[in-house]
Amino acid sequence: MSLYRVRVRRRKCCNGVNLEPGMEAQVITPVNRPVQADNWKYVEEAFMRIFGLSLRKANALNMSDLEITKLG
C-alpha cells in the first residue's frame, strides 16, 4: 500500500466542473503508481468522496492538471 497526495495544479472549468489550484486529497493505493492505466480510479474516488467532483468529467485525470507526491 502506498500513500499519495494529489493536488490540482491550475484552475480548470470543464463540463460544469470547477477545479481550483490547491484542492488536494490523500490517496491510498495498493499499487506503486496511481497514474498508470486503470489506477486513476483511486484518485477519482478520493476527489469524489472529499469534494463531490468528478475529475473524469472535468477531463483532469492527467499529470498536467494534477501534481502527485508520494508520502509513504
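At a glance:
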read-out: Option label - Cα extents along the principal axes in Å computed here, alternatives [x] 37, 26, 18; [y] 33, 21, 21; [z] 42, 22, 18; value: [y]
read-out: Heavy-atom accessible area ranking, 1.4 Å probe, most first, across 29, 69; value: 69, 29
read-out: Sum of -39500 (n - 2.57) over DSSP H runs of 4+, divided by residues of the chain (222 nm, nearest 500); value: -5000 deg cm²/dmol
read-out: Relative contact order for the chain, counting Cα pairs under 8 Å that sit 6 or more residues apart, in percent; value: 42
read-out: Residue 5 accessible area, assembled protein chains, probe 1.4 Å, Å²; value: 60
read-out: Extension gain, residue 1 back to residue 31 (0.36 nm per residue minus Cα-Cα distance, nm); value: 10.2 nm
read-out: Cβ-placed point charges (K, R +1; D, E -1), dipole of the chain about Cα centre in debye, nearest 20; value: 120
read-out: Full-extension gain in nm, residue 68 to residue 41, via 0.36 nm per residue minus C-alpha separation; value: 8.3 nm
read-out: Solvent-accessible area, 1.4 Å probe, carbon plus sulfur percent, for the chain; value: 47
read-out: In Å², nearest 10: area of residue 41 left accessible to a 1.4 Å probe; value: 100
read-out: Per residue accessible area in Å² of the chain, where ligands, DNA and RNA are left out and the probe is 1.4 Å; value: 61
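The values are calculated or read from the model by the stated rules, or taken from the named source; none is laboratory data. Quick caveat, the model's predicted, so the values are computed rather than measured. Note that we place each Cβ from the backbone using ideal geometry, even for glycine, and neighbour counts take in every protein chain shown. Ligands, DNA and RNA are stripped out before the accessible areas are found, and what is left, the full protein with its side chains, is counted by its heavy atoms. Shrake-Rupley method; radii C 1.70, N 1.55, O 1.52, S 1.80 Å.
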